[in-house]
1. Can you confirm whether Glu57 is over 25 Å from Lys207 (Cα atoms), in a helix (DSSP H, G or I) and assigned by TED's automatic domain parsing to the domain that holds Lys33?
2. Out of all the residues in segment 63-82, which are surrounded by 15 or more Cβ atoms within 10 Å (Cβ to Cβ) and either farther than 16 Å from Gly32 by Cα or not assigned by TED's automatic domain parsing to the domain that holds Tyr24 (or both)?
3. Please tell me if Val92 is in contact (Cβ under 8 Å) with a residue 40 or more places away in the chain, within 26 Å of Lys207 (Cβ to Cβ), assigned to a loop (DSSP other than H, G, I, E, B) and in the same structural domain as Asp107 (by TED's automatic domain parsing).
4. Kindly evaluate Ile50 against the criterion of being under 24 Å from the mean Cα position of the chain (by Cα) and modelled with pLDDT of 95 or more.
5. Go through the residues of segment 63-78 one by one and say whether even a single one is of a type in the set (S, T, N, Q), at pLDDT below 90 and not in a helix (DSSP H, G or I).
6. If you go through segment 95-112 one residue at a time, how many are in a helix (DSSP H, G or I), surrounded by 18 or more Cβ atoms within 10 Å (Cβ to Cβ) and either in contact with a helix residue (DSSP H, G or I) (Cβ under 7 Å, 6 or more places away or on another chain) or among the acidic types (Asp, Glu) (or both)?
7. Arg30: in contact with a helix residue (DSSP H, G or I) (Cβ under 8 Å, 6 or more places away or on another chain), surrounded by fewer than 15 Cβ atoms within 10 Å (Cβ to Cβ) and without any contact (Cβ under 8 Å) to a residue 40 or more places away in the chain, yes or no?
8. Looking at segment 175-197, which of its residues are outside any helix (DSSP H, G or I) and in contact (Cβ under 8 Å) with a residue 24 or more places away in the chain?
Amino acid sequence: MIVLADDHKLFLDAVSDSISGLGYDVKKFRNGKQAIGFILSNYEGIDLLITDINMPEMDGMQLVDEVKQRGKSLKILVVSVREDRYAIRQMVEKGVDGYLLKNSSKDEFLEAIESILSGKKYFSPLLKESFTPSFLENSNDMGHSIAESVLSEREIEVIKLICKEYTTEEIAIELHLSVHTINSYRKNILKKINVKNIAGLVRYAIKNGIVD
């Protein structure tokens, strides 16, 4: 069974018809509040949740949070018009299995569903222009990006200050550390994220959502 949550009836009906062609039973809901009630009562029989982000009463982000917070390992595909980094990053870090833009073709939509149901992740090719493959493919249920699992909290602080064009001396003052310690952080960060210079570090920070 596949659960659909979207407040646009025409889109909901069109998607439902496409999925039914794959042989799945489809349950449609106009907002997250309706969907979560059904999911909690019928969890064992659900193969996939497909949700929009912008919906009344309970939006897609809240719906995903509700599913995850209740310990449910349900596969989730987000289908939205939103292309902004904030929305995409939030959903990836919540541990969704895929993210498609609503202008995707029917073939890509069905491919995404089949990929996710087979245990893979699927993200619109357009998203890979803004995020590294490792960030998209290694999303997890704990709400942390792959960058945050590789780098310490202090190292992320240093990266943010470097991206703000702070000098080593200024970073040392800001974090109440010695210049020698900051130099060590800089060296270790470059090694951890496998880049050669500050330009590479800044690109990494942007792609992984550490800075905007």
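1. Values: over 25 Å from Lys207 (Cα atoms): yes; in a helix (DSSP H, G or I): no; assigned by TED's automatic domain parsing to the domain that holds Lys33: yes.
No; evaluated as a whole, the condition is false for this residue.
2. Selection gives Arg82 alone.
3. no
4. On the way: under 24 Å from the mean Cα position of the chain (by Cα): yes; modelled with pLDDT of 95 or more: yes.
Yes; evaluated as a whole, the condition is true for this residue.
5. Of all residues in segment 63-78, those of a type in the set (S, T, N, Q) come to 69, 73.
After this cut, where a residue has to be at pLDDT below 90 as well, the list is 69, 73.
Still in the running and not in a helix (DSSP H, G or I): 73.
Yes, segment 63-78 has at least one match.
6. Within segment 95-112, the subset in a helix (DSSP H, G or I) is 106-112.
From what's left, surrounded by 18 or more Cβ atoms within 10 Å (Cβ to Cβ): 109, 112.
Then drop every residue that is not either in contact with a helix residue (DSSP H, G or I) (Cβ under 7 Å, 6 or more places away or on another chain) or among the acidic types (Asp, Glu) (or both), which leaves 109.
The total comes to 1.
7. Working: in contact with a helix residue (DSSP H, G or I) (Cβ under 8 Å, 6 or more places away or on another chain): yes; surrounded by fewer than 15 Cβ atoms within 10 Å (Cβ to Cβ): no; without any contact (Cβ under 8 Å) to a residue 40 or more places away in the chain: yes.
Taking the combined requirement at face value, the residue does not satisfy it.
8. Residues of segment 175-197 that are outside any helix (DSSP H, G or I), as a first pass: 176-178, 193-197.
Within segment 175-197, Ile193 is the sole residue that qualifies.
The values are calculated or read from the model by the stated rules, or taken from the named source; none is laboratory data. On a predicted model such as this, the values are computed, not experimentally measured, just so you know. Backbone-built Cβ (ideal geometry, glycine too); neighbour counts: all protein chains shown.
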